[in-house]
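One structure is given below, encoded as structure tokens.
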Amino acid sequence: MDRIKRAGSPIHAFFPTGIEGFDALAELALDMRWSWNHAADEIWNQLDPDLWDLTHNPWVVLQTVSREQLQRTLDDPVFRRKVDDLAAARRHEAEAPAWFQQQYPLDALTSVAYFSMEFMLSEALPIYSGGLGNVAGDQLKAASDLGVPVIGVGLLYQQGYFRQVIDMHGEQQALFPYNDPGQLPVMPVREPNGEWLRLEIMFPGYPLWLRAWQVQVGRVTLYLLDTNDAANFPAYRGVAGELYGGGPEQRLRQEIVLGMGGWRLLEALGIKPDVCQLNEGHAAFAVLERARIFMEETGQPFETALAVTRAGNLFTTHTPVADGFDHFNPRIIEHYLGDYARNHLGIPLRDLLALGRLDPDDPAEDFNMAYLAIRGSGAINGVSRLHGKVSRRIFQSLFPRWPEVEVPVGHVTNGVHMPSWDSAEADGLWTEFCGKERWLGITEHLEEKIRSVPEDKLWQLRADNRKSLVDFVRRRLSRQLAASGATAGEIGNARHIFDANALTLGFARRFTTYKRPNLLLHDPERLLRILTVAERPVQLIVAGKAHPEDEAGKAMIQEWMHFIRRPEAGGHVVFLSDYDMLLTESLVQGVDVWINSPRRPWEACGTSGMKVLSNGGLNLSELDGWWAEAYTPEAGWALGDGREHDSDPAWDAAEAEALYTILEQEVIPEFYCRDSRGIPTAWMARIRESMARLTAYFSSNRTVRQYTEQYYIPAAAAFRERAADRGAPAVELVNGLRDVTRKWKNLRFGEVAVTTDESEHLFEVQVYLNGLSPDDVRVELYAERTVDGDPVRLEMTCGPKLVGAENGYVYFARASAARTAADYTARVIPHLAGSMIPLEAAHILWQR
Ligand SMILES: *Cc1c(COP(=O)(O)O)cnc(C)c1O
């Protein structure tokens, strides 16, 4: 690590101002902690109020402001003192022991490399598209709060995801602004001699040069790679040009850069993480490069190196449908990776392809990145309880004949970084009741404290937040209309639209079919009636982008625009263009109810609804993703019956009706039913339950602690155990697994006898192990789960050797007679010390 300068030190090279006090300012501007900690906002505002208001990007302010203004402001001793104090506080905080340091010995975890195609940290660094980046960004921030040693790895795109404009016809236009690295809060990663660190990856015909950048996110560093190096072959120079742009070949190149380039970068920096987390299958090539480097260090063959490093890899899947994973034609895999497989991994192409295939012998099968991630990881998790279950179903085929519940996929439900999404007023209230440090350690005690907030304070918070949102809508909509060529009258109306006292609903998300962004429009007349009751007005804010090539998505935006332009809708609905983090912030802080209506189970988790929790917003959502585990009737409203209906139009219609009915009969009456003080008491009770029960749990604080305790620390230990002695334990394991695989087909069951008394069955099962020893296997009695219970798995005891058999034994077990003997069946599975079954050997033999 010390070979490379840390953020902060290379600034002089970038920016020789010679102005005293400048360094401290630059240090603050380059730490994206400002995206959630607003202590320094005042100094940026003082330097350039207009630019600060427009961009909220300290780095842009600092680079734009004139030398004279800088000098003048820094000459003010009060300002100067404030800057120095903030910089000192920042350094102090970065070094003080946090939750992780207090809770665990330092050597429990050296570091976790977190690989992701996108990171959503701030609009100042637009390298995200949506939910996946949100999860990555919020987890880095929480890792910083908690002191968990995470290092992010991603790509720096010349173009982030597209920006949206709605034109005069209500159609979406896509714009692709250029990410000027000079204006982004990133610094080049330099060698000690000042040279920009560059890495080389061999691409067909030409080397691809990668440049590296670093971003400071509190205590956490995020490294980003880009390919825009003048030395690159023109066709390769734009590889990291655009997030999710281009066809499959471009995607493959990006994934090679992320996975292989990313791991190589860590190596070049001297960083040796124990744990590598793959945020979605995009980054799975990291698995190969990590193994290759282990081969280089120890001289072990690929299979052993993979067995060692696998133990330290965690694959986090976010996809709820089997065909949602990236997969590539074997020919382009050969084109890009054939030489790498043969000459660097020392394996034939076929073996590499097999890692990404269900059936290694099917030459027509594509190479699936999720399969590679699974073959290369020691643990796999989905991102909500329901998504864990859905993922076990999706990956069942990799574990043939294993019961679905035993497919080795767990779950850690996503959470959001509360300090990034709460309003200043909500932050004030939470600070008063739960303390300033509430998100820096354990949070289990917060429920009680926030529950004690008095009604009038809570209602005042809601009123303040809603008012800010209404002001925001007026400003934003009038500008949006002016830009799209609206009349002066329309623009003037927009400046007075909405009512700060009216029930405010929000619906913002990607416009894609499964999210059903037009479910509310199913019966436009009924929606109109709901919105326009004079004594109980309702206002609705809609936002969202459709992928530029998604015609159905774009049509749904237009459908909303047509509805909004109907005179009867007059002022009750707006569509705000260019859904991004800044828009999200305003929406989630101000809305009373956040609506989400995806088709179950396609919202793997969903996070936008969590962002309203700390602000006192309520959720009305489909029982899918996180809401399927968060919902209780006291804290919000649920759509759906908790089952899957695919894309059945009749079901969509029924859910739309249900949505209207909930609004008409529950949401609106409860909001407008006030006591003598003007407070809606039932509504307040609901907010209290939502805030108290859900906020702490659905925060990325809980998510990151759970990853640390359930995955990172055990994975680090498992990896180190296997890596010891140049991987000797893994050599033994690989030999053992090979042996079991070779001999497995000879295993068979013999006679089975059962005797039953009042309470128990005694099972005696003959098993012919042939070449295997009883130490290599585990014989179990298994009974499928009943409606109200888990499956039964009982280990059977190895008894006497069968007479005359070379390697046959009787196995015994007693099982409760509460279930009939026929419910139980015996099975054999591999059992090798330190191995992960069925992940590393999915053999299973059933007695019947
Ligand atoms: C939170 C957020 C998302 C994720 O939202 P879901 O609808 O829950 O998937 C996507 N985009 C932006 C801009 C967000 O702020």
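The values are calculated or read from the model by the stated rules, or taken from the named source; none is laboratory data. Everything numeric in this text was worked out from a predicted model, so none of it was measured. Every residue, glycine among them, receives a Cβ derived from its backbone with ideal geometry; neighbour counts consider all protein chains shown. Heavy atoms of the whole protein, side chains included, go into the accessibility calculation; ligands, DNA and RNA do not. Shrake-Rupley method; radii C 1.70, N 1.55, O 1.52, S 1.80 Å.
Looking only at the stretch 583-597, count every residue that is of a type outside the set (A, V, I, L, M, F, W, C), more than 13 Å from A638 (Cβ to Cβ) and within 13 Å of the ligand (Cβ to nearest atom) and tell me the total. Residues in the stretch 583-597 being of a type outside the set (A, V, I, L, M, F, W, C), more than 13 Å from A638 (Cβ to Cβ) and within 13 Å of the ligand (Cβ to nearest atom): 4 in total. Determine whether V153 is within 16 Å of the ligand (Cβ to nearest atom), at pLDDT 95 or above and open to solvent by less than 30 Å² (accessible area, probe 1.4 Å). Answer is no for this residue. Exactly one residue among Y161, Y104 is among the aromatic types (F, W, Y) and modelled with pLDDT of 95 or more, and that residue is Y104.
Within the stretch 118-142, the set of residues being within 12 Å of the ligand (Cβ to nearest atom) and within 9 Å of the chain's Cα centre (by Cα) comprises G131, L132, G133, N134, V135, A136, G137, D138.
Of the candidates V275, V239, the single residue that is assigned by TED's automatic domain parsing to the domain that holds G154, in contact with a helix residue (DSSP H, G or I) (Cβ under 9 Å, 6 or more places away or on another chain) and in contact (Cβ under 8 Å) with a residue 60 or more places away in the chain is V275.
For the stretch 499-512, the criterion of a residue being open to solvent by less than 50 Å² (accessible area, probe 1.4 Å), within 13 Å of the ligand (Cβ to nearest atom), of a type in the set (S, T, Y) and at pLDDT below 95 is satisfied by at least one position. In summary, M168 fulfils each of the numbered conditions (1) assigned by TED's automatic domain parsing to the domain that holds G312; (2) more than 14 Å from the ligand (Cβ to nearest atom); (3) open to solvent by 40 Å² or more (accessible area, probe 1.4 Å) with the single exception of condition (1). If you check R495, R565, R529 for being basic (K, R) and under 30 Å from A124 (Cα atoms), only one passes: R495.
Checking each residue in the stretch 380-432 for being open to solvent by less than 10 Å² (accessible area, probe 1.4 Å), within 16 Å of the ligand (Cβ to nearest atom) and either within 22 Å of R451 (Cβ to Cβ) or part of a loop (DSSP other than H, G, I, E, B) (or both) picks out V383, S384, T413, N414, G415, V416, H417, M418, W421, S423. One residue alone among V153, V165 is touching a Gly at 6+ places or on another chain (Cβ under 9 Å) and part of a strand (DSSP E or B), and that residue is V153.
When R90, R81 are screened for being surrounded by fewer than 17 Cβ atoms within 10 Å (Cβ to Cβ) and not polar (S, T, N, Q), only R81 passes. Note on the stretch 798-848: residues that are part of a loop (DSSP other than H, G, I, E, B), open to solvent by less than 30 Å² (accessible area, probe 1.4 Å) and β-branched (V, I, T) amount to 1.
Can you find a residue that is of a type in the set (A, V, I, L, M, F, W, C), in the same structural domain as P517 (by TED's automatic domain parsing), under 31 Å from the mean Cα position of the chain (by Cα) and more than 24 Å from V321 (Cα to Cα) anywhere in the stretch 669-678? Checked against the condition, which is being of a type in the set (A, V, I, L, M, F, W, C), in the same structural domain as P517 (by TED's automatic domain parsing), under 31 Å from the mean Cα position of the chain (by Cα) and more than 24 Å from V321 (Cα to Cα), the stretch 669-678 yields no hits at all. Within the stretch 726-749, the presence of at least one residue that is open to solvent by 60 Å² or more (accessible area, probe 1.4 Å) and within 35 Å of the chain's Cα centre (by Cα) is confirmed.
For (1) over 24 Å from the mean Cα position of the chain (by Cα); (2) more than 16 Å from the ligand (Cβ to nearest atom); (3) among the hydroxyl-bearing types (S, T, Y), each residue gets a yes or a no:
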site: S608; (1), (2), (3): no, no, yes
site: K611; (1), (2), (3): no, no, no
site: S614; (1), (2), (3): no, no, yes
site: G625; (1), (2), (3): no, no, no
site: E629; (1), (2), (3): no, no, no
site: A635; (1), (2), (3): yes, yes, no
site: S647; (1), (2), (3): yes, yes, yes
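Annotation: of all residues in the stretch 562-573 being open to solvent by less than 20 Å² (accessible area, probe 1.4 Å) and touching a Phe, Trp or Tyr at 6+ places or on another chain (Cβ under 8 Å), the one that is farthest from the ligand (Cβ to nearest atom) is A569. Among the residues here, G376 qualifies as farther than 16 Å from Q706 by Cβ and under 26 Å from the mean Cα position of the chain (by Cα). Of the set (1) closer than 23 Å to P669 by Cβ; (2) within 14 Å of the ligand (Cβ to nearest atom), all apply to P537 but (2). Might you let me know whether the stretch 341-350 holds any residue that is closer than 18 Å to A283 by Cβ, part of a helix (DSSP H, G or I) and among the hydrophobic types (A, V, I, L, M, F, W, C)? Looking through the stretch 341-350, at least one residue is closer than 18 Å to A283 by Cβ, part of a helix (DSSP H, G or I) and among the hydrophobic types (A, V, I, L, M, F, W, C). Are any residues in the stretch 664-673 open to solvent by 50 Å² or more (accessible area, probe 1.4 Å) and part of a helix (DSSP H, G or I), and if so, which ones? Matches in the stretch 664-673: E664, Q665, E666. Restricting P320, P301 to residues that are crowded, with 23+ Cβ neighbours inside 10 Å and either in contact with a Gly (Cβ under 8 Å, 6 or more places away or on another chain) or not hydroxyl-bearing (S, T, Y) (or both) narrows the list to P320. May I ask you to verify whether G131 is crowded, with 22+ Cβ neighbours inside 10 Å and out of contact with any Leu (no Cβ under 9 Å at 6 or more places or on another chain)? Answer is yes for this residue.
Does T661 satisfy the condition of being more than 13 Å from the ligand (Cβ to nearest atom), assigned to a loop (DSSP other than H, G, I, E, B) and hydroxyl-bearing (S, T, Y)? Taking the combined requirement at face value, the residue does not satisfy it. Please determine whether any residue of the stretch 211-226 is open to solvent by 10 Å² or more (accessible area, probe 1.4 Å), farther than 18 Å from A113 by Cα, in contact (Cβ under 8 Å) with a residue 40 or more places away in the chain and assigned to a loop (DSSP other than H, G, I, E, B). Taking every residue of the stretch 211-226 in turn, none turns out to be open to solvent by 10 Å² or more (accessible area, probe 1.4 Å), farther than 18 Å from A113 by Cα, in contact (Cβ under 8 Å) with a residue 40 or more places away in the chain and assigned to a loop (DSSP other than H, G, I, E, B).
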